[in-house]
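Remarks on the structure that follows.
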């Protein structure tokens, strides 16, 4: 996200966004529809960092396959910890991105971009890299807009928050194989 776009975000908004992405990715089997109906798949990948509210540094770091489905993740969030960073796997058409969203400014870090053009003119390879870089930023911006619309909706507290709580309660069952 651009520096100016996120500098006015209250500290809890990024954590709410990360939790919302985590929830929606599991509840919708990773399927999202972006602007103009563009489909994308999004999954929590292999890293989830959580922190105590008011703390800057992560206090719980979960890694490995699907860390968000573990009993430790559920216990941490139900115990009051909030997501500080999460690594995502994003698929759009035939392209696959891996990216970490981090911190209160929703920073993009450690992005692994797909390579469409592997050989050819330098300009062609450069334009390909520019395209996938811009597409990744567009995807994150679309997701953030969807979250913002959900967060300010009249039913956020009455409908969406209870769904998120129910989902958190169900993580233990899924994480323990039951």
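Rounded to the nearest 10 degrees, what's the angle between the helix 122-152 long axis and the longest principal axis of the chain, both from Cα atoms, 0 to 90?
Between helix and principal axis, roughly 30 degrees.
How far is it, in nm, from the label point at residue 131 to the one at residue 56 when both lie 7 Å from their Cα along the line to the Cβ?
Here the answer is 4.2 nm between the modelled labels.
If you count, for each residue, the other Cβ atoms within 10 Å and average over each peptide, how do 89-95, 46-52, 142-148, 160-166 line up from highest to lowest?
The most tightly packed comes first, giving 46-52, 142-148, 89-95, 160-166.
To the nearest 10 degrees, how steep is helix 11-27 against the longest Cα principal axis of the chain, on a 0 to 90 scale?
90
Evaluate the distance, in nm, between pseudo-label points positioned 7 Å from the Cα of residue 12 and of residue 151 along their respective Cα→Cβ axes.
Here the modelled spin labels are 1.1 nm apart.
Which whole-number percent is the relative contact order of the range 75-151 (Cα, under 8 Å, 6+ apart)?
This gives 16 percent for the range 75-151.
Taking the 0 to 90 degree range and rounding to the nearest ten, how far is the long axis of helix 161-175 tilted relative to the main principal axis of the chain, both from C-alpha atoms?
Approximately 90 degrees, to the nearest ten.
Quick check on the chain: take the gyration tensor over C-alpha atoms, sort the square-rooted eigenvalues as a ≥ b ≥ c, and tell me if it's rounded (a/c under 1.5), prolate or oblate.
Details: a/c = 1.72, a/b = 1.58, b/c = 1.09.
The shape class here is prolate.
Give me the extension gain from residue 112 to residue 41: residue separation times 0.36 nm, minus the current Cα-Cα distance, reported in nm with one decimal. Let's see the in-between values first.
Working: separation 71, 0.36 × 71 = 25.56 nm, distance 1.58 nm.
That pair, residue 112 and residue 41, stretches by 24.0 nm at full extension.
Take 104, 56, 36 and order them by how many other Cβ atoms sit within 10 Å, fewest up front.
By the 10 Å Cβ count, ascending, the order reads 36, 56, 104.
Compute the relative contact order of the chain as a whole-number percentage, counting only Cα pairs closer than 8 Å that sit 6 or more residues apart in sequence.
Worked out over the chain, it gives 22 percent.
What FRET efficiency comes out for the pair residue 122/residue 93, r = Cβ-Cβ distance, R0 = 35 Å, nearest 0.05? Could the numbers behind the result be given before it?
On the way: r = 25 Å, r/R0 = 0.71.
The value I calculate is 0.90.
Grab the DSSP H runs of the chain that are 4 residues or longer, score each as -39,500 (n - 2.57), total them, divide by all residues and round the 222 nm result to the nearest 500 deg cm²/dmol.
Calculated at 222 nm, the ellipticity per residue is -14000 deg cm²/dmol.
A short reminder: the numbers here are calculations on the coordinates, not readings from a lab. No experiment lies behind these values; they were computed from the predicted model shown. Positions of Cβ are backbone-derived with ideal geometry, glycine not excepted, and every protein chain shown enters the neighbour counts.
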